[in-house]
1. State yes or no: is D67 under 21 Å from S153 (Cβ atoms) and out of contact with any Ser or Thr (no Cβ under 6 Å at 6 or more places or on another chain)?
2. Could you please tell me which pairs satisfy a Cβ distance under 6 Å, a separation of 6+ or placement on different chains, a first residue in segment 39-64 that is under 12 Å from I150 (Cβ atoms), and a second residue that is open to solvent by less than 60 Å² (accessible area, probe 1.4 Å) and part of a loop (DSSP other than H, G, I, E, B)?
3. Mind checking whether some residue in segment 99-120 is polar (S, T, N, Q) and under 21 Å from P43 (Cα atoms)?
4. What pairs can you find where one residue is in segment 141-155 and without any contact (Cβ under 8 Å) to a residue 60 or more places away in the chain, the other is open to solvent by 100 Å² or more (accessible area, probe 1.4 Å) and not in a loop (DSSP other than H, G, I, E, B), and their Cβ atoms are less than 7 Å apart, with a gap of 6+ or different chains?
5. State the number of residues belonging to segment 40-74 that are open to solvent by less than 40 Å² (accessible area, probe 1.4 Å), assigned to a strand (DSSP E or B) and not β-branched (V, I, T).
6. Restricting to segment 66-98, what's the tally of residues that are of a type in the set (K, R) and either free of Cβ contacts under 8 Å to residues at least 12 places away in the same chain or in contact with a Gly (Cβ under 8 Å, 6 or more places away or on another chain) (or both)?
7. Where in segment 77-155 are there strands (runs of 3 or more DSSP E), lying wholly inside it, with at least 1 residues that are among the charged types (D, E, K, R), more than 14 Å from the chain's Cα centre (by Cα) and surrounded by 18 or more Cβ atoms within 10 Å (Cβ to Cβ)?
Amino acid sequence: MRRTALPLLLALLLAPLPARAGGLPGGAHTQGQQAVSEDDQTPEERMNARFPQKVRVGDLIGIPVQDFDDRILGYVTEVARKPDGAIVLVMPEGGWFGRGGRPVPIPIETVAILARHINLLDIPREDVPKLATWDPAQGTPIDKNDIIRIAISRR
């Protein structure tokens, strides 16, 4: 019995590990492989591929927005609808520890929710400071009891 157990144990230890489907290095958030390249999709098509679910707007206020490396970029302070119907999450950029700073709009199509934080998927961290400053005249706040759809994410 021992003679067969040792080679089996060695084979298991030396076998290559299976690759993670759609995985990114560093434990980053993934969305899996898609038949169509994400570069060829509109932001709305990418959001719909991420299985958007209903969420109460008030539940989004105050939760962190994180990048691929789980670094907090800021906290959602407002959810607003622009005149063209697009929904944006308003978050302060800059400041100290994700608080303060100038407000910037994050399009709802570029994020996905995972538990009690929001993953910024389609905007690189270094591009967040380049976003335009949010002016409250650019849209109207959505009532905290309204229901909107947001994509869901997984690790």
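The values are calculated or read from the model by the stated rules, or taken from the named source; none is laboratory data. What you see is a predicted model, and the numbers here were worked out from it, not measured in a lab. All Cβ positions, even for glycine, are placed from backbone atoms using ideal geometry, and neighbour counts span all protein chains on display. Each accessible area value is taken on the protein alone, full model and side chains, heavy atoms only, with ligands, DNA and RNA left out. Shrake-Rupley method; radii C 1.70, N 1.55, O 1.52, S 1.80 Å.
1. yes
2. Taking only residues 6 or more apart or on different chains, the pairs are V57/I142; L60/V76; I63/V76.
3. Going residue by residue through segment 99-120, those that are polar (S, T, N, Q) are 110, 119.
Of the ones still in play, those that are also under 21 Å from P43 (Cα atoms) are 110, 119.
So far as segment 99-120 goes, yes, one or more of its residues are polar (S, T, N, Q) and under 21 Å from P43 (Cα atoms).
4. none
5. The number of residues fulfilling the criteria is 4.
6. Kept after step one, since they are of a type in the set (K, R), are these residues of segment 66-98: 71, 81-82.
Then keep just the ones that are either free of Cβ contacts under 8 Å to residues at least 12 places away in the same chain or in contact with a Gly (Cβ under 8 Å, 6 or more places away or on another chain) (or both); that gives 81-82.
Of the residues in that region, 2 qualify.
7. Working: elements: 78-81, 87-93, 102-107, 111-114, 117-120, 147-152.
Those strands (runs of 3 or more DSSP E) span 78-81, 87-93.
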